[in-house]
1. Name, by its number, the condition in (1) in a helix (DSSP H, G or I); (2) surrounded by 15 or more Cβ atoms within 10 Å (Cβ to Cβ) that does not hold for W51.
2. Consider region 514-536. How many of its residues are among the acidic types (D, E), under 31 Å from the mean Cα position of the chain (by Cα) and part of a loop (DSSP other than H, G, I, E, B)?
3. What are the residue pairs meeting all of these: first residue in region 234-251, first residue among the small types (G, A, S), second residue at pLDDT below 90, Cβ atoms under 6 Å, and 6 or more apart or on different chains?
4. Filter region 106-158 for residues that are touching a residue at least 60 places away in the same chain (Cβ under 8 Å) and more than 30 Å from L59 (Cβ to Cβ); which is surrounded by the fewest Cβ atoms within 10 Å (Cβ to Cβ)?
5. Any idea which of (1) surrounded by 14 or more Cβ atoms within 10 Å (Cβ to Cβ); (2) closer than 30 Å to A146 by Cβ is the one G238 doesn't satisfy?
6. Take region 387-405 and flag every residue that is within 24 Å of the chain's Cα centre (by Cα) and either of a type in the set (S, T, N, Q) or over 22 Å from P66 (Cβ atoms) (or both).
7. If A398 satisfies all but one of (1) free of Cβ contacts under 8 Å to residues at least 60 places away in the same chain; (2) in a helix (DSSP H, G or I), what's the number of the condition it fails?
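The values are calculated or read from the model by the stated rules, or taken from the named source; none is laboratory data. Being a predicted model, the structure only gives us computed values, none of them experimental. Heads up, the Cβs are rebuilt from the backbone with ideal geometry, glycines too, and the neighbour counts pull from every protein chain shown.
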Amino acid sequence: MGSSAPGTDSPSPWWQSGILYQIYVRSFADSNGDGVGDLPGVIDHLDYLQWLGVDGIWLSPINVSPNADWGYDVADYLGVDPEIGTEDDVDRLIAEAGKRHIRVLLDLVPSHTSERHPWFLDARSSRTAPRRDWYVWADSKPDGSAPNNWVSSFGGAAWTLDAITDQYYLHNHLQEQPDLNWWNDEVRQEFDGILVHWLARGVSGFRIDVCNGMIKDALLRDNPPARDSDPLDVRIFGQRPVYNGNRPEVHEVIRRWRTLADGYPGSVLVGETPVPEIDTLANYYGTGSDELHLAFNFPFINAPLEADVLRTIVEATEKALPAGSWPVWTGSNHDMSRLATRWAGGDPAKARVALVMLLCLRGTPVLYQGDEIGLTDTDVPRHQLRDPLGVAYWPAYAGREAMRTPMPWRDAPGGGFTDPKVQPWLPFGDLSASNVHDQRDDPTSMLTLARDVIALRRDTPGLQTGPYRSLDAPPGAWVWSRGERMVVALNMADEDVVVSGVAGTVRVGTDGRRQGKHVGDGIPLRGWEAVVVERDDP
């Protein structure tokens, strides 16, 4: 399941040497013809994921939910949403994935629940209810206004006055998503049990939603206003979220979970850590062995597809992470525009370069369903918007559904996703532009490129766990070595360049004409071309 890590005799963890693949379950594959993806649909496509070379899958939330925020408002952390599947389906998925050496990770949503969760129904029943303190409640100010100035990430105040008990409750997202009080030890104990329940069942870990936002300031102090010098991704509707996120006490919770996870060998904790500073990101790794195994790098995913910018972020990350820790890289997810659109602007050559970059950096690559076929965002008409952000802010912001539309398996009615006679829960894009069936046997396709790079990585310890070392590169290019023999060269500009000082055999490249050919001391690269070269023997 893994190769030997440099300087050790023990195999590296599977999640270091392997590839993770994010599945937005509702949009992956529909097995029963209701237009909504489900767990049996995932099971039906495990052979494809094995063929592609995936080592682990991260599923969007499968728990019972009223779907005010499409699964991220949980009403039962131990139950499975009937629209998605059953508990037997979960067990069958874990077992069938295991037969193919694929691990299963679940999405854990700890910062808030659904307003329909039994905990919150109890909490709002009276001020003396047993679970009242499981949520964040506060009295209004003397003038009747909200307890402080915090704003929701969805816009508007982060507080709603509860008519039943005449107190405000906190919701950093939708008002249907009340925030849990992580200062309460009963909440911490309850989540200990939730983690153990799923780990004992056979999942291999969790992606932790809004990992940095669990703990809020105990004094509920006002957030300061954003400064002109603050990057846009620091600001939330004119504020710096100093007191309702990234509180130091959150690390106590993560360390507690790491101890639990370490009791189940092979488990991994992956944090959604939307912080703009690399040093802050590094803090979520703790000492390197006592907090998150992997923390998503938002400076990287938010950066433009430019060599100097991305190289600076990667090298700052390499420098900042504590010894023994491991980076993770992704270019798309269910909340962020797909890499083929956001980074590549729909240009297939740029998307290919981005794919090679992700798969060849030191760290764990995470592909979002469709990245491997160059799937772009889909324009969703206003009348079909389901995302509360899109509904609230259209046309200034069309929401997150452009990157959540169904996976195109083939160019045919139903897209191979659902019954041809059924309307899927979200519309398809252009099925003829990108689909798995047409690309699978095409030696020039992006899917073939993805599979080739993944296969090379699997067979090459240097690409799995070898160190990253930046090499000299002409303007617009980015070149680095992995381990002793492998060199990755990306031309991230329109002009042709020549990369000097590297001689060897092209093992894989975005232009198939290079595959298997020897290059001398100097690699000519066309605009937006990438190659992976195995150096000649010293």
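1. Just one mismatch for W51, condition (2).
2. 1
3. G238/A226
4. Step by step, filter region 106-158, then rank; the result is A138.
5. Unmet for G238, out of (1) surrounded by 14 or more Cβ atoms within 10 Å (Cβ to Cβ); (2) closer than 30 Å to A146 by Cβ: (1).
6. Residues satisfying the conditions are Y397, A398, A402, M403, T405.
7. (2)
One line per residue, one yes/no per condition, for (1) crowded, with 24+ Cβ neighbours inside 10 Å; (2) modelled with pLDDT under 95:
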site: G2; (1), (2): no, yes
site: A5; (1), (2): no, yes
site: Y21; (1), (2): no, no
site: V36; (1), (2): no, no
site: P40; (1), (2): no, no
site: P61; (1), (2): yes, no
site: V74; (1), (2): yes, no
site: L78; (1), (2): no, no
